[in-house]
1. Determine, yes or no, whether PRO102 is surrounded by fewer than 17 Cβ atoms within 10 Å (Cβ to Cβ), more than 26 Å from LYS9 (Cβ to Cβ) and free of Cβ contacts under 8 Å to residues at least 40 places away in the same chain.
2. Looking for whichever is modelled with pLDDT of 95 or more and within 27 Å of VAL85 (Cβ to Cβ) here; the options are GLY154, GLY122. Which one fits?
3. Going by the structure shown, is THR33 in contact (Cβ under 8 Å) with a residue 24 or more places away in the chain and either part of a loop (DSSP other than H, G, I, E, B) or basic (Lys, Arg) (or both)?
4. List, please: which pairs have Cβ atoms under 9 Å, are six or more places apart or on different chains, and start with a residue in the stretch 163-176 that is buried (at least 18 other Cβ atoms within 10 Å of the Cβ) and part of a loop (DSSP other than H, G, I, E, B) and end with one that is at pLDDT 95 or above and among the polar types (S, T, N, Q)?
Amino acid sequence: MQDKILDGKKVSADIKAELADEIKKLQDKRNITPGLAVALVGEDPASQVYVNMKEKTCKALGIVSHKHVLPADVSEDRLLSLIDVLNNDPEIDGILVQLPLPGHIDENRVLDRIKVEKDVDGFHPVSVGRLVLGQPGFRAATPAGIIELLKRSGVAIQGKEAVVVGRSNIVGKPVALLLLNEHATVTIAHSRTPDLGEVTRRADILVVAVGRREMVTADMVKEGAVVVDVGIHRTDDGLVGDVAFNQVQEKASAITPVPGGVGPMTIAMLMSNTVQAARSRA
């Protein structure tokens, strides 16, 4: 398995093909077309790229995409009233508010306002609670995508030592819980962990989501480890991750590239959540 690339592009394409079949069945048998609404506040270039990619994927799969672009100075009440309208629209199965939001808007208030059954991002406190308790519900797309990528690439999780570097609510914490649900022994480390390398070298599965460019180097990785890089940074030479890919690839038995690893999986799992929500409506 030496130098095996965990190909998120290929695995996400497989998932999307399965979803397209399921969407066609929903349309043919139940006369239901999944609908996803995306709210974008402001003109953050990275957010615009993500929203456009989501829109494009919806179109390719047969999901109806509703995009709502609001100015950066929009009031919190205006955004909340848009969510109320989307909550009550029977044609909308999933609601996604693109993060980050401008500083004057309370992110938690906005995420709490989305109906749990339309929370395809998996960020609502009830969705997070269900994850903690191991109950069915929506899982945040990036962590769910990581688990799906590992499983479909033939990586065994049960009984393995997993280390997650990063403790964000969006990736670090939920992926640690999902790994735990798959019976891995999980350690969460972060930028303030003393002697981080000593912790990461224990990992059979190392997930890095710390937001620091090429922070994890070869000396921090155990020989034969599986390495998942969630980071993405623009450089003059193109995109790089949180892991120094070229040197770590020499030691890892499997590793995600940047781009083409975790990124495509995130979009695929968001679409999967939207189809799950439409199935519940059916």
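1. Numbers: surrounded by fewer than 17 Cβ atoms within 10 Å (Cβ to Cβ): yes; more than 26 Å from LYS9 (Cβ to Cβ): yes; free of Cβ contacts under 8 Å to residues at least 40 places away in the same chain: no.
No; evaluated as a whole, the condition is false for this residue.
2. Selected residue: GLY122, the only one of GLY154, GLY122 that is modelled with pLDDT of 95 or more and within 27 Å of VAL85 (Cβ to Cβ).
3. Judged against the criteria, THR33 is a match.
4. Qualifying pairs under 9 Å: ILE170/THR142; VAL171/THR142.
Here's the yes/no breakdown for (1) touching a Cys at 6+ places or on another chain (Cβ under 9 Å); (2) under 18 Å from GLN98 (Cα atoms); (3) not assigned by TED's automatic domain parsing to the domain that holds GLY145:
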{"site": "ASP14", "(1), (2), (3)": "no, no, yes"}
{"site": "ILE23", "(1), (2), (3)": "no, no, yes"}
{"site": "LEU36", "(1), (2), (3)": "yes, yes, yes"}
{"site": "LEU40", "(1), (2), (3)": "no, yes, yes"}
{"site": "MET53", "(1), (2), (3)": "no, yes, yes"}
{"site": "CYS58", "(1), (2), (3)": "no, yes, yes"}
{"site": "LEU61", "(1), (2), (3)": "no, no, yes"}
{"site": "VAL64", "(1), (2), (3)": "yes, yes, yes"}
{"site": "HIS68", "(1), (2), (3)": "no, yes, yes"}
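The values are calculated or read from the model by the stated rules, or taken from the named source; none is laboratory data. Computed from a prediction, not measured in an experiment: that's the story for all the values here. So basically every Cβ, Gly included, is an ideal-geometry build from the backbone, and we count neighbours across all protein chains shown.
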